[in-house]
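Following: one structure in structure tokens, then a few remarks.
Values quoted throughout were computed directly from the atomic coordinates according to the rules given, and no laboratory measurement underlies them. Values in this document were obtained by computation on a predicted structure and should not be read as measured data.
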Amino acid sequence: FSGYFQDLLNKSEKALYDAFPSLYGELYTQNMKVFKDLYSELRRYYRGSNINLEEALNEFWTRLLERLFKLMNPQYHITDEYLDCMVKHAEQHKPFGEVPRDLKVKTTRAFIVARSYAQGFLVGSDVVKKVSQVSLGHECTRAIMKLMYCPHCRGMSSVKPCNNYCLNVMKGCLANQADLNTEWKYLMDSLVVVADRIDGPYNVDTVIGTIHMRISEAISNLQENKDSITAKVFQGCGNPKISTKGSSSEDKKRRGKVALEAKSSAQALEMLVQDAKGNLTALKTYWITLPSSLCSRRIMASSAADDKCWNGMTKGSYLPEVMGDGLANQINNPEVEVDITKPDMTIRQQIMQLKIMTNRLGNANIGNDVDFQDASDDMSGSGSGDSCPDDVCGKRLSKSPSTRQPETHAIPKQSGHGIPGTSSRSLPSAFLFLLSVALITAQHLWR
């Protein structure tokens, strides 16, 4: 998705660079940096930079208006002070029509949900990575060794562990991990909701892919209403002095109509979103289904009704009940001694990260900006924070300066390669590897 989104932005910028020189002549060539700076700011914002997106867009329209007004009135000597006066009246005169406000609202919403969406996958991936590094305790290692290798010592190498026996061992070993389930499910649900926004009300194809067209529309509005806008500016700010340099012979008007097209790839976006939603839904119960997944795929436990399985003592039925999920339910686990008063702090920290990211996605869903770390400068920042369309949020959110900023994740800069670690199909491999290491360790200890 990240590669897809940045490709949309790249295509819009390229279309602008290809069409504007012949479309606007000097109006474009003398102001090329203004357009380049806009796209640069948009990219930096998406990657997590500490930028107020609304302010960046306002700055673009202000700079563009100042330069175009001077170019369209070359016979006058227009000072910086005069331009300041003109800008103050710009909201009243609306020289670019309704385009700046409309584009600001739609672009802000689209960018907020897009980078929050990409960020959500990075956070989920990072949580799995850090949780997979949590070491198994001594009691867990002993329980796995008993589960896997003790039947060999009893001459029952072909006897599989009882399924419920295996489940109790795994539920005890992965008790802390199961406590991730609630917040993990909330994150998956939030990503699904934001995905619907991306392919719905805040459609990135429609908004991002047509930025160049909206800019062209705005410039056309200014040119078509040049005389009336100039008269209003002169009325409010006074008549500027006549320039001694004279007017340029360059034709400032449009040089014929060049078609600006937005090549829609809505079907590709829809497929991306639908694929992601399917995987996210499948991952909702990932943490609490790990024990059964490991028992069935890795340890190959017997069926639940088998009375000729390894029950930890001999070949027969396994009588103890299966424990519930999570740390609190392991107080009476017959196979693994678990201290329920000492939760794993690494996992507790990851639960908090999930809560923070879910909250950000909730804000993004209603158009509120969120905080990110600057990917390009590699430093922490609070983001624009209060950048929020008034018609979406009602009023801006206030933030306490004493609030500690949570750990954040910058979105990768590479375009076209997506986001590393986001494939849901690869997530279970982390714990399978972890348990494999534990089993090998147990085998070594037994020998």
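Relative intensity of the stretch 1-41 on a log10 scale, I(q)/I(0) at q = 0.18, 0.22 Å⁻¹, equals -0.53, -0.71, per a Debye sum over C-alpha point scatterers of equal strength in the absence of solvent. Which of the pairs Lys33/Lys130; Lys106/Lys277; Lys14/Lys185 have their Cα atoms more than 31 Å apart in this structure? Lys33/Lys130; Lys14/Lys185, as the Cα separations exceed 31 Å there. Rg ratio for the stretch 78-128: its Cα radius of gyration over 2.2 N^0.38 Å, N being its residue count, equals 1.96.
Computed over the stretch 274-364, the percent of Cα pairs more than 16 Å apart is 73.
Centre-to-centre separation between the Cα atoms of the stretch 299-347 and those of the stretch 93-121: 52 Å. The value for the stretch 4-72 of Rg(Cα) / (2.2 N^0.38 Å) is 1.17. Hull volume per residue, based on the alpha-carbon atoms of the stretch 302-344 and their convex hull, is 87 Å³. Rg over Rh for the stretch 138-181 works out to 1.07, both radii taken from alpha-carbon positions and Rh defined as the Kirkwood radius.
What's the whole-number percent of alpha carbon pairs in the stretch 1-154 lying beyond 28 angstrom? Kindly include the intermediate steps, with their values, before the conclusion.
Numbers: 5323 of 11781 pairs.
Value for the stretch 1-154 (Cα pairs over 28 Å): 45 percent.
Using only the C-alpha atoms of the stretch 71-177, find the volume of their convex hull and express it per residue in Å³. If you can, show how the numbers build up before the last one.
Values: hull volume 24.6 nm³, N = 107.
Spread over its residues, the Cα hull of the stretch 71-177 gives 230 Å³ apiece.
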